[in-house]
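Please read the structure below before turning to the comments.
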Amino acid sequence: MTTHSKSAEIFNRDFERTTWHDETLYFVRQKRDKAAFQIDDWELLRETASQIKFNVLSNLSEYLIQFEENALKNGIKVHWAADAREHNEIVFNIVSEYFEGNIPHDTFKGIVKSKSMLTEECHMNEYLISKGIEVVDTDLGERIVQLAGERPSHIVLPCIHWKKEEIGELFHKHLGTEKGNKDPKYLTEAARQHLRDKFLNRKVALTGVNFAVAVTGEFVVCTNEGNADMGTHLSDLHIASMGMEKIIPQRQHLSVFLRLLARSATGQPITTYSSHFRKPRDGQQMHVVIVDNGRSTQLGREDFRNSLKCIRCGACFNTCPVYRRSGGHSYHTAIAGPIGSILSPNLDMKANADLPFASTLCGSCSNVCPVKIDIHQQLYKWRQVLVKEGHTSATKTLMMKGMSKVLASPAVFKFSGKVGRMLMDKMPFMVNNSLNLWYKQREMPEPPKESFREWYKKNRK
Amino acid sequence: MTSRDQILAKVKQNQPNSVHLPDLSILGKESFDPITKFAETAVAIGAEVIEIQDFSEIQKYINSKYSGKTVRSTLADFNSENWLALSPKELDGTDFLLVEAQFGVAENGSIWISDKDLGQRIAPFITEYLGVILDKSKIINTMHQAYQIIGDEDYGFGLFLAGPSKTADIEQSLVLGAHGARGLVIFLK
Ligand code: SF4
């Protein structure tokens, strides 16, 4: 398997494209800043959201039971999936039972699906397709990557790595749009017509869940396009897939999260639609599938359980210098970016051992995170675990062990800093060589003549 | 043991010691003029805002833009065919839908509507254009007041709606009218 650094290297061969990708995402990050700065209580909101999530994690089993009880009262059926496979089987069985065990494959056209990173995590599309059920992704960005046979490269902006010329070409091929037309308005209209037809002709709709309220048994789905609602309100069967950490205690807590989510994600004050599903429509069936898939294990890892506070806003992606210049696919997992690099090793330590190293530990992610996850600290902690468990390459292990020795002893730290500065000054080839991964794609900076410690000693009065 | 019981047992075993919920009453104290803020924000997210004195102005607006088109409404004093009995799919082709919102939220330009205002859940999404009547006195500052008003309203489906349907999935260029209504006009009365 290719590692993050290998894929990132390939991504970086096209310098202009990498720069464009970088700048586009930074533009989204700046929109987030603008929106956040308009709220005087922004920091208080983040702190409150964080505390609510801590409360949720510490009472999760009780809240889940409460949610189930209330959802059932509302006429929603509740299912439990221990892992991805069980989730996929449950979805298939719900559809199959809806047709009394006999899916009429000639007339049943399949499922319309709105954005759900959980179904990506579970590889649900592939599974259902193998069982003869077509799945149409209806979020524009997701439809684009689906038509291209790819996976989303970002949890909020699935096709952020695609240029409009390429989308024009793709739509020309699949939807019959004019050749060479790359106007976003024209292309969006083509997708609207194409998907409207699907919405009107599908009986089954699948959505994700942004928040589920324990005391009311309802769940909230946020979109800008309206695709989740177009799917569900036209369907006879609505299935919602939900990671178990999506629970919040009460309805009023939605106020905090809905204020934070869209502002953090795209800089909008709120998404266009924040839909609260509490009871099925007359004549409709509504199902919620609650999925564990490693979450209960992560909950038991004291150092990493905070990652379960995530509300999937994508802000940590947009601000991450490594993500911006390596692209989502380099992370080879459903959830890319800084938070994905904490969640993925929990699922498979060996396969994802490279990901916690795909970070500069600059901490920008932790600073923007609306629920105050200590992302960069967890990445650092994963590195320790992975080295200890023997999942890293020999070079990395050596470097990490060396680093921790240096950092553990102030005297060694002082000395090695001096040597480092001297080396960079007198023998730059020792640092600027291909063994030093930091030198890839960049010149090493001029070393300062004296360290901060030396400067401080001299200038302190 | 079923998956449910296994999952719950493991969660129970692994969850940390219980911590308290934070106090929400200190939030939502921002002060601004709610009506101005609402109108500014709604326009910024792509809606049109029109102040009206009486209902006839809405009628005039509709006549000038949608004469001969399919116009539907849930308002009692609005003449439209009984479309509530149609199937959701049959509402495709609605050119303009008029509903009344329960309240508006100044900080984000959204309005709250639920089953009882919608006629049919699909209606505000499937219509090409959407009109919403909002009472100025029912604009509140932030989402905290919003959920105080909602309280434990017994809806089956409820919705914060903010502006027209939109997407920026193609190179971050904003396009209105992704899958839902292409335009939203708010009549402030
Ligand atoms: S970790 Fe924080 S910033 Fe990143 S997606 Fe989750 S909530 Fe957003």
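Under the classification rounded if a/c is under 1.5, otherwise prolate if a/b is larger than b/c and oblate if not, where does segment A:1-149 fall, given a ≥ b ≥ c as square roots of the Cα gyration tensor eigenvalues?
oblate
Just to confirm, what accessible area per residue do you get for segment B:43-189 at 1.4 Å probe, in whole Å²?
Value for segment B:43-189: 37 Å² per residue.
May I ask you to list the lysines whose Cα is less than 20 Å away from that of A:Lys109, ignoring any residue fewer than eight positions away on the same chain?
Candidates past the 8-residue exclusion: A:Lys131, A:Lys198, A:Lys203, B:Lys89.
How big is the B/A interface in buried accessible area, both sides summed, 1.4 Å probe, to the nearest 100 Å²?
Buried: approximately 6900 Å² between A and B.
Counting only C-alpha contacts under 8 Å and six or more residues apart, can you give the relative contact order of chain A as a whole percent?
20
For chain A, which whole percent of the accessible surface, found with a 1.4 angstrom probe, sits on carbon and sulfur atoms?
54
I'd like to know which of B:Leu24, B:Ile35, B:Asn14 lies farthest towards the positive end of the charge dipole of segment B:1-42, counting +1 on Cβ of Lys and Arg and -1 on Cβ of Asp and Glu.
Value computed over the given set: B:Asn14.
Average partner chain C-beta neighbours within 10 Å, per residue of B:29-35?
The per-residue average across the peptide is 1.
Can you list the lysines whose alpha carbon sits under 28 Å from that of A:Lys350, skipping same-chain ones fewer than 8 residues off?
Partners within reach: A:Lys6, A:Lys246, A:Lys309, A:Lys372, A:Lys381, A:Lys388, A:Lys396, A:Lys401, A:Lys405, A:Lys440, B:Lys10, B:Lys12.
With runs of 4+ DSSP H residues as the only contributors, calculate the mean residue ellipticity of chain A at 222 nm using -39,500 (n - 2.57) per run, divided by the residue total and rounded to the nearest 500.
-15500 deg cm²/dmol
Consider a paramagnetic label point 7 Å from the Cα of A:Asn74 along Cα→Cβ; state which residues of segment B:160-188 have an amide N under 15 Å from it.
Those under the cut-off are B:160.
Could you tell me whether segment A:39-293 comes out rounded, prolate or oblate from its Cα gyration tensor? Rule is a ≥ b ≥ c as square roots of the eigenvalues, rounded for a/c under 1.5, then prolate if a/b exceeds b/c, otherwise oblate.
Cα axes put segment A:39-293 in the oblate bin.
Partner chain Cβ atoms within 10 Å, averaged over the residues of B:175-185 - can you pull that number for me?
Averaged over the peptide's residues, the number is 6.
With r as the distance between the Cβ atoms of A:Arg196 and A:Ala148 and R0 = 22 Å, compute the FRET efficiency 1/(1 + (r/R0)^6) and round to 0.05.
The value I calculate is 0.55.
Compute, for chain A, the length of the dipole vector about the Cα centre, with Cβ point charges of +1 (Lys, Arg) and -1 (Asp, Glu) only. Units Debye, rounded to 20.
It works out to roughly 2040 debye.
Let me know the mean shielding of A:249-259 by other chains, meaning the per-residue number of their Cβ atoms within 10 Å of its Cβ.
6
Rounding to the nearest 20 debye, state how big the charge dipole of segment B:96-176 is about its Cα centre with +1 on each Lys and Arg Cβ and -1 on each Asp and Glu Cβ.
Charge dipole of segment B:96-176: 160 debye, to the nearest 20.
How much net charge surrounds A:Phe357 when only other residues with a Cβ under 13 Å from its Cβ are counted (Lys, Arg +1; Asp, Glu -1)?
+3
Arrange the peptides A:302-309, A:17-24 so that the one whose residues have, on average, the most other Cβ atoms within 10 Å appears first.
A:302-309, A:17-24
Ranked from the most accessible area to the least, with a 1.4 Å probe and all protein chains present, what is the order of A:Ile373, B:Ile35?
B:Ile35, A:Ile373
Magnitude of the Cβ-charge dipole of segment A:39-293, K/R +1 and D/E -1, about the Cα centre, nearest 20 debye?
The dipole of segment A:39-293 has a size of about 560 debye.
Can you find, among A:Val91, A:Ala190, A:Ala212, the residue sitting farthest towards the positive end of the charge dipole of segment A:39-293, where Lys and Arg contribute +1 and Asp and Glu -1 at Cβ?
A:Ala190
What does the highest-first list of A:61-67, A:92-98 look like by mean Cβ count within 10 Å?
Result, highest mean Cβ count within 10 Å first: A:61-67, A:92-98.
What residues qualify as long-range amide H neighbours of A:Val135, i.e. H under 5 Å apart, gap of 5 or more or another chain, H built at 1.01 Å from N?
For A:Val135, whose amide H was placed from the backbone, the distant partners under 5 Å are A:Ile111.
Which cysteines does chain A leave without a neighbouring Cys Cβ under 4.7 Å?
A:Cys122, A:Cys159, A:Cys222, A:Cys310, A:Cys313, A:Cys320, A:Cys362, A:Cys369, each lacking another Cys Cβ under 4.7 Å.
Please report the base-10 log of the normalised intensity I(q)/I(0) for segment B:54-188, using a Debye sum with one equal scatterer per alpha carbon and no solvent, at each q in 0.22 (1/Å).
These q points yield log10 I(q)/I(0) values of -1.44.
Mind pulling up the Rg/Rh value for chain A? Radius of gyration and Kirkwood radius, both on Cα.
Here the Rg-to-Rh quotient is 1.01.
The values are calculated or read from the model by the stated rules, or taken from the named source; none is laboratory data. If you're wondering where the values come from, they're calculated on a predicted model, not measured in any experiment. A quick note on method: Cβ atoms are made from the backbone with ideal geometry, for glycine too, and the neighbour counts reach across all protein chains shown. These area figures cover heavy atoms from the full protein model, side chains too; ligands, DNA and RNA do not enter into them. Shrake-Rupley method; radii C 1.70, N 1.55, O 1.52, S 1.80 Å.
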